[in-house]
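*Asks:* Before I ask anything, let me first share the structure, which is written out below as structure tokens.
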Amino acid sequence: MTIRNRPTRALTFRSDQWAPAKAAAAAVKAVEEWGYTRISTDDLTTCVRMLAEAAVTAGGRRLSLHLADQDQRVLALVLAHTPARTEDILPALGALRSVAACGTDTDDADGLRLWALLETQPVKGASTASPATP
């Protein structure tokens, strides 16, 4: 996977019970640093936690969180570094108001890949009660 010409952040975590919370906090911090002050931090936190929890459940020793700005959206990608599959989290991810698209696949090099693309502006009908704040 290659991401070019856009703000990115890549972080690695030990695959343990604390990884989802650490990954979510790191994602919120990175997105705030990029200047996205209107993204739903609740949706971003929930999304990254779900992606990281699925990676932990897959059983690898570590997980990687990759974030990228994509056309005023935030791409959140988690690599489990094991080819094991996990339960299908896509319906729950897709139910988050800020998630524009999501997916999963397995690659020989990275193992299980889970991703979601989040809107950085409030979505029609969405609550604006949880914008990111510095």
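*Asks:* Find the residue count for the stretch 10-19, including only residues that are open to solvent by less than 30 Å² (accessible area, probe 1.4 Å) and of a type in the set (S, T, N, Q).
*Replies:* 1
*Asks:* Could you identify the single residue in K22, K29 that is over 14 Å from W115 (Cα atoms), loosely packed, with under 15 Cβ neighbours inside 10 Å and without any contact (Cβ under 8 Å) to a residue 40 or more places away in the chain?
*Replies:* Criteria check complete, one pass: K29.
*Asks:* Scan the stretch 75-88 for residues that are open to solvent by less than 20 Å² (accessible area, probe 1.4 Å) and either free of Cβ contacts under 8 Å to residues at least 24 places away in the same chain or assigned to a loop (DSSP other than H, G, I, E, B) (or both) and report the count.
*Replies:* Number of matching residues: 1.
*Asks:* How many residues are open to solvent by 30 Å² or more (accessible area, probe 1.4 Å) and either part of a strand (DSSP E or B) or under 23 Å from A21 (Cβ atoms) (or both) if we restrict to the stretch 97-109?
*Replies:* Adding up the residues that qualify gives 8.
*Asks:* Also, quick follow-up: Is it true that D71 is charged (D, E, K, R) and either under 20 Å from R85 (Cα atoms) or in contact (Cβ under 8 Å) with a residue 40 or more places away in the chain (or both)?
*Replies:* Here the answer is no, as D71 does not meet what is asked.
*Asks:* For residues that are of a type in the set (D, E) and farther than 14 Å from D43 by Cα, scanning just the stretch 76-134, find the one that is modelled with the highest pLDDT.
*Replies:* D88
*Asks:* Restricting the search to the stretch 63-74, which residues are open to solvent by 70 Å² or more (accessible area, probe 1.4 Å) and either touching a strand residue (DSSP E or B) at 6+ places or on another chain (Cβ under 7 Å) or not in a loop (DSSP other than H, G, I, E, B) (or both)?
*Replies:* Across the stretch 63-74, the qualifying residue is only R73.
*Asks:* From the list G35, G60, which one is in a loop (DSSP other than H, G, I, E, B) and open to solvent by less than 40 Å² (accessible area, probe 1.4 Å)?
*Replies:* Among G35, G60, only G60 is in a loop (DSSP other than H, G, I, E, B) and open to solvent by less than 40 Å² (accessible area, probe 1.4 Å).
The values are calculated or read from the model by the stated rules, or taken from the named source; none is laboratory data. In this text, all values refer to a predicted model and were calculated from it rather than measured experimentally. Every residue, glycine as well, gets a Cβ built from its backbone with ideal geometry; the counts of neighbours run over all protein chains shown. Accessible surface is based on the protein model in full, side chains and every heavy atom, while ligands, DNA and RNA are left aside. Shrake-Rupley method; radii C 1.70, N 1.55, O 1.52, S 1.80 Å.
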